[in-house]
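The values are calculated or read from the model by the stated rules, or taken from the named source; none is laboratory data. On a predicted model such as this, the values are computed, not experimentally measured, just so you know. Every residue, glycine among them, receives a Cβ derived from its backbone with ideal geometry; neighbour counts consider all protein chains shown. Keep in mind that these areas ignore ligands, DNA and RNA; they rest on the heavy atoms of the full protein, side chains included. Shrake-Rupley method; radii C 1.70, N 1.55, O 1.52, S 1.80 Å.
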Amino acid sequence: MHAYQILPNYTYEDYLLWEGRWEVIHGIPYAMSPMPNPGHQRIANNTGIILKKALNPDKCKCQVYQPIDLRITEHTVVNPDLLIVCKPISKQYLDFPPALVVEILSPSTEMKDRNTKYQLYETFGIPYYIIIDPDKENIEIYGLDASKKYQRIANPDTPLILEGNCSVVPDWHEVFAE
């Protein structure tokens, strides 16, 4: 006789009813509290400004967003720290791949960001995934290759092609500025 493990299987509709900050990955809820610390907030703000400055409004219709619901499936809803979206968002959530996502590591999220979210973003077809490590003051840039797998981009000055003629070369030097 086999013992079966019964796991919760929550949906986006369940998620909408919860108070506080949550993510749902493959039907499993993850609490997002407490709020990110001031250092995390500073890095997120700096990164948002850097990305916004890098976008050329004459060539790009892309926008930088702070956490919004990214609904990957009915059972997977995440909130990346920052996103660049190049298409209109017509719903209360984003249900198509953004051009770029950024996650800022913290001790409580590092394993999920480096593994679970990495795989989610890669499978969902998000062209660029940027991981910022505040403790090491390190930025990792991953881009989808021809086989739709993330490869690390070694040169931070490599243009990131978001759509058509829209590309950015963020000046990452100010990410960790006080």
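With the condition being open to solvent by 40 Å² or more (accessible area, probe 1.4 Å), touching a Cys at 6+ places or on another chain (Cβ under 9 Å) and touching a residue at least 12 places away in the same chain (Cβ under 8 Å), I'd like the strands (runs of 3 or more DSSP E) fully within segment 88-163 carrying at least 1 qualifying residues.
Strands (runs of 3 or more DSSP E) meeting the threshold: 160-163.
Within segment 7-23, identify whether any single residue is aliphatic (A, V, I, L, M), outside any loop (DSSP other than H, G, I, E, B) and closer than 30 Å to D135 by Cα, and answer yes or no.
Taking every residue of segment 7-23 in turn, none turns out to be aliphatic (A, V, I, L, M), outside any loop (DSSP other than H, G, I, E, B) and closer than 30 Å to D135 by Cα.
Table: residues versus (1) under 24 Å from P8 (Cβ atoms); (2) in contact with an Asp or Glu (Cβ under 9 Å, 6 or more places away or on another chain); (3) at pLDDT 95 or above.
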position	(1), (2), (3)
K61	no, yes, no
V64	no, no, yes
Q92	yes, yes, no
P97	no, no, yes
V101	no, yes, yes
I104	no, yes, yes
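If a residue must be open to solvent by 50 Å² or more (accessible area, probe 1.4 Å) and either charged (D, E, K, R) or assigned to a loop (DSSP other than H, G, I, E, B) (or both), how many such residues does segment 58-83 contain? It would help to see each step written out before you state the result.
Step one: of segment 58-83, the residues open to solvent by 50 Å² or more (accessible area, probe 1.4 Å) are 58-59, 61, 63, 65-67, 73-75.
Checking which are either charged (D, E, K, R) or assigned to a loop (DSSP other than H, G, I, E, B) (or both) leaves us with 58-59, 61, 66-67, 74-75.
Residues flagged as open to solvent by 50 Å² or more (accessible area, probe 1.4 Å) and either charged (D, E, K, R) or assigned to a loop (DSSP other than H, G, I, E, B) (or both) within segment 58-83 amount to 7.
Output yes when any residue across segment 6-28 is touching a Lys or Arg at 6+ places or on another chain (Cβ under 6 Å), open to solvent by 50 Å² or more (accessible area, probe 1.4 Å) and modelled with pLDDT under 95, and no when none is.
No, that holds for no residue.
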